[in-house]
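We did not get these values from a lab; they are worked out from the coordinates using the rules stated. Computed from a predicted model, the values in this text were never measured in an experiment. No Cβ is skipped: glycine too gets one built from the backbone with ideal geometry, and neighbour counts run over all protein chains shown.
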Amino acid sequence: MLVQGGTSKGFPMKNANIIGASVVFVFSLLSVIAVKGMSIFESGIPGPGFVPLAFGLLMLILSIALLVQSVMTPSANARVSFVKRGSGLRDICMISASLIVYAGCIHLFGYSMATLLFLFALLKLVGNYGYRFSLMVSFIATIVLYGIFQYGLGMIFPEPYLFPFS
Amino acid sequence: MRGSGCVGMEVLDKLLLGFSVAFTPENLFYCFLGVFMGTLIGVLPGFGPTAGIAILIPASVALPPTTALIMLAGIYYGSMYGGSTTAILINTPGEAASIPTALDGYKMARQGRAGPALGMSAISSFIAGTVSIVGLMLLAPPLASVALAFGPPEYFSLMFVGLTMVVSLSGKSLIKGILAGSFGMMISTVGMDPISGEERFCYGSIQLGAGIDFICVVVGLFAISEILCNAEESLASVFETKLKGLLPSLQDWIDCKWTLVRSSILGFLIGLLPGASASVSAFIAYDVEKKVSSHPEKFGEGAIEGVAAAEGANNAACGGGMVPLLTLGIPPSAPLAILLGALMIHGLRPGPLLFEQNPNFVWGLIASMYIGNAMLLLLNLPLVGFWASLIRIPYHILAPIVLALCFIGAYSVRNNMFDVWIALFFGFIGFFMRKLEFPAAPVVLALVLGPMAENALRQSLTISRGDFSIFLTRPISAALLCLAIVSLLLSIVARWKKHQKAEALIESTSED
């Protein structure tokens with residue numbers, strides 16, 4: 001069965017729900033404002049702005065309802081947290097940062113080099129494997145993925161800025 | 001009037017056509033690849049069929065449409081087979097539809113009967129899967145011929161029925177489900193309006209002008225977010241069970257003979273219903289089996305009927321779910337919503353015209369499901385040791401590789417790094433949605449059905465010169481709208497009653 005990691009202390013779920021509802025409210029408000037330049041009805045027929053306005057308004061109303069519900073709902077369990085502190089949160093942050101850096105590195109170094117670095121980083125920093133094992137697995141996985149997509153499926157990978165030959 | 005014999009011969013003729021399409025070396029290979037990958041996805045905890053299909057759609061783009069959908073459908077029903085392996089061996093269901101299997105399957109494994117549990121699971125899946133494909137074959141063509149009378153108003157009403165499934169896919173909170181569906185509708189409007197050519201939410205960006213691609217959203221919302229959520233948990237994979245003797249005993253067959261029939265029929269019928277996924281059918285079949293059993297106390301303690309019922313039903317639901325998908329373009333569950341997107345990407349619009357305009361594709365797909373089902377039986381019985389060994393691969397090694405695959409998949413959509421950033425963005429959105437208990441399936445459903453619904457609405461109102469009564473004056477459209485409203489009301493009432501029961505239970509517990 002799944003084993004939970006990390007501690008149970010963290011950002012309370014009730015607060016997270018309130019923030020989430022607020023974000024949805026802001027998003028829907030901005031969407032409704034953005035529809036302003038589009039035509040809603042043209043000669044009695046819905047124009048391009050009709051569906052965005054209808055669903056933007058629906059989201060606005062529902063987000064207010066959700067916000068009220070989140071505020072009114074008592075904290076059933078004060079220990080329930082949005083995300084557990086400890087190793088779990090650290091891993092999420094590591095993976096998220098790695099993904100952003102990976103996407104950036106594809107532009108600079110090309111797919112194969114960026115993938116090798118990405119896999120190595122995750123295996124070493126999140127998986128806590130040794131250097132040799134991480135390098136070996138990253139190398140093999142990169143070759144297999146690159147081979148399947150480049151030669152098997154004929155995919156053209158993005159041209160890197162720094163290493164045009166990768 | 002044609003007799004039923006003539007209709008039967010017609011179906012048989014079309015099935016033979018389908019086999020001629022499916023029995024090409026290319027289609028056989030990709031059918032095998034699909035069911036193999038589906039089993040793999042089902043075996044590996046942390047990866048579900050929805051994420052699996054989403055990740056592999058980009059790989060299918062280079063293939064001919066029939067071949068691509070044969071492979072992707074194979075992943076869908078193959079994953080039902082694979083999920084039972086981990087459920088039985090390490091009490092970790094590979095996907096939700098195998099949770100009831102774990103209740104008795106794992107107990108059987110602890111009693112030294114892992115082999116018969118796995119064997120019965122594979123055989124009941126095969127039998128129920130075959131029955132459901134027969135049901136699909138018989139039910140789909142007449143339903144499709146009825147739907148030939150559809151015009152834009154009927155299509156809009158049909159899409160509206162599909163969109164009301166948001167309620168069924170909403171999980172615990174209806175408000176959050178509808179918000180997620182609305183969010184999906186908003187995303188679907190980004191780009192150029194197909195009717196007027198006006199830009200919507202583009203802000204001068206050429207990439208946004210091309211719209212937000214379905215694959216990028218799905219890869220982000222389901223695959224990337226799943227891995228981020230799983231990063232919080234440690235997946236334990238301790239597999240110590242020895243496997244010996246895969247075939248169930250004669251007594252097992254006697255005990256399960258009616259279970260196989262019941263689970264096949266029940267699973268197929270439940271699979272037809274919107275919102276009723278394979279996991280729902282598995283739970284219901286398990287519950288029914290326990291109720292009709294002369295020894296209900298054995299369930300949960302290693303009853304092989306429990307394994308047969310759950311696995312049979314979840315496989316039968318796959319065939320059942322394909323009926324509304326192919327005939328009406330309504331996906332009754334999240335993985336089928338992804339499959340619907342795949343059909344659209346390959347230029348195949350599901351619905352009544354699919355049977356008329358692409359009979360080779362439809363019957364080729366149905367025939368391939370027979371073949372795939374047989375392949376799965378061969379894959380899962382002799383190769384069970386191989387699948388069991390895969391459970392030993394640590395999640396920390398698999399997850400980074402899957403993430404790299406996600407990036408390739410997103411990039412391959414339009415050979416554009418912008419799509420990779422979109423997938424990443426939706427990965428983070430999906431993570432927060434999961435943590436805040438917003439369901440992701442309604443987003444995908446709305447993203448796929450939304451543009452079709454909008455086009456049908458605007459076309460209908462162009463025909464009627466802005467008169468909304470066109471949806472009520474046309475009988476099929478009116479009937480579909482009534483169905484949607486009744487279904488919506490019933491779902492809301494059912495949720496409210498469930499909520500009341502839960503509150504009453506909490507109150508009585510706190511009083512004690």
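Once you have a ≥ b ≥ c as the square roots of the Cα gyration tensor eigenvalues for the protein assembly as shown, tell me rounded if a/c is under 1.5, and otherwise prolate or oblate according to whether a/b is larger than b/c.
Details: a/c = 1.25, a/b = 1.07, b/c = 1.16.
Rounded is the answer for the protein assembly as shown, as its axis ratio a/c remains below 1.5.
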If amide H atoms are built 1.01 Å from N in the plane of the peptide, which residues on other chains or at least 5 residues away come under 5 Å of the amide H of B:ARG200?
B:GLY191, B:MET192, B:ASP193
Could you work out how far apart the two model spin labels at A:PHE139 and B:LEU483 are, taking each label as a point 7 Å from the Cα in the direction of the beta carbon, and quote it in nm?
6.0 nm
Using the Cα centre of chain B as the reference point, and only Cβ charges (+1 on K/R, -1 on D/E), how large is the resulting charge dipole? Debye, rounded to the nearest 20.
340 debye
If I histogram all Cα-Cα distances within region B:324-379 using bins 5 Å wide from 0, what percent of pairs lands in each bin?
5, 18, 24, 24, 17, 9, 3, 0
So how do B:GLU503, B:GLU154 line up by other beta-carbon neighbours within 10 Å, fewest first?
B:GLU503, B:GLU154
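Evaluate the charge dipole of the protein assembly as shown about its Cα centre and quote only its size in Debye, nearest 20, assuming +1 on the Cβ of each Lys and Arg and -1 on the Cβ of each Asp and Glu.
On the way: 36 positive and 34 negative charges, 190 e Å.
Dipole size: approximately 920 debye.
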At a Förster radius of 56 Å, what calculated FRET efficiency corresponds to the Cβ-Cβ distance of B:GLU297 and B:ARG392, to the nearest 0.05?
0.95
What nm distance separates the two modelled labels at B:LEU143 and B:LYS501, each placed 7 Å from Cα along Cα→Cβ?
2.7 nm
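As a check on your grasp of the helix formula, calculate [θ] at 222 nm for the protein assembly as shown: sum -39500 (n - 2.57) over DSSP H runs of n ≥ 4, divide by the residue count, round to the nearest 500.
Details: 28 runs with 474 residues, N = 678.
Taken over the protein assembly as shown, the calculation gives -23500 deg cm²/dmol.
State, as an integer percentage, the relative contact order of chain B based on alpha-carbon contacts under 8 Å between residues 6 or more apart. Each step should come with its number before you reach the end.
Working: 951 pairs, mean separation 143.1, N = 512.
In percent, rounded to a whole number, it is 28.
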Rounded to the nearest 10 degrees, the helix B:25-43 long axis (Cα) sits at an angle to the longest Cα principal axis of chain B of 70 degrees
What is the mean number of Cβ atoms from other protein chains located within 10 Å of the Cβ atom of each residue in peptide A:25-37, rounded to a whole number?
2
Shielding by other protein chains, A:40-48, mean Cβ within 10 Å:
6
Please give the per residue volume of the convex hull enclosing the alpha carbon atoms of chain B, rounded to a whole number of Å³.
168 Å³
Would you list B:LYS435, B:LYS176 from fewest to most Cβ contacts within 10 Å?
B:LYS435, B:LYS176
Can you tell me the 0 to 90 degree angle between the C-alpha axis of helix B:174-188 and the longest principal axis of chain B, rounded to 10?
50 degrees
In the protein assembly as shown, if the dipole is taken from +1 on Lys/Arg beta carbons and -1 on Asp/Glu beta carbons about the Cα centre, which of B:LEU33, B:LEU63, B:LEU103 is farthest to the positive end?
B:LEU103
Ranking B:TYR77, A:TYR131, A:TYR111 by Cβ neighbours within 10 Å, fewest first, what do you get?
A:TYR131, A:TYR111, B:TYR77
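Sort region B:82-165 into rounded, prolate or oblate with this rule: let a ≥ b ≥ c be the square roots of the eigenvalues of the Cα gyration tensor; rounded if a/c is under 1.5, and if a/c is not under 1.5, prolate when a/b is larger than b/c, oblate otherwise.
Details: a/c = 6.37, a/b = 2.42, b/c = 2.64.
Note, shape of region B:82-165 comes out oblate.
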On a 0 to 90° scale, report how tilted helix B:395-412 is relative to the longest principal axis of chain B, with both axes built from alpha carbons and the result rounded to the nearest 10.
20 degrees
Name the residue farthest towards the positive end of the dipole of the protein assembly as shown from the options B:ALA144, A:ILE92, B:ALA73, assuming +1 on Cβ of Lys and Arg, -1 on Cβ of Asp and Glu, about the Cα centre.
A:ILE92
For region B:60-179, what is the relative contact order in percent, using Cα pairs closer than 8 Å and at least 6 residues apart in sequence?
12 percent
What does the extension gain come out to for B:GLN251 and B:GLN207, with contour length at 0.36 nm per residue minus their alpha carbon separation?
9.5 nm
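Give the shape of region B:407-492 as rounded, prolate or oblate, defined through the alpha-carbon gyration tensor: a ≥ b ≥ c are the square roots of its eigenvalues, a/c under 1.5 means rounded, and otherwise the shape is prolate if a/b is larger than b/c and oblate if not. Please report the intermediate quantities before stating the final value.
Values: a/c = 3.94, a/b = 1.76, b/c = 2.24.
Since a/c reaches 1.5 but b/c is at least a/b, the shape of region B:407-492 is classed as oblate.
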Positive end of the charge dipole of the protein assembly as shown (Lys, Arg +1 and Asp, Glu -1 on Cβ, about the Cα centre): tell me which of B:VAL323, A:LEU117, B:ILE422 has its Cα farthest that way.
A:LEU117
Using per-residue counts of other Cβ atoms within 10 Å, averaged over each peptide, order B:443-454, B:468-479 from highest down.
B:443-454, B:468-479
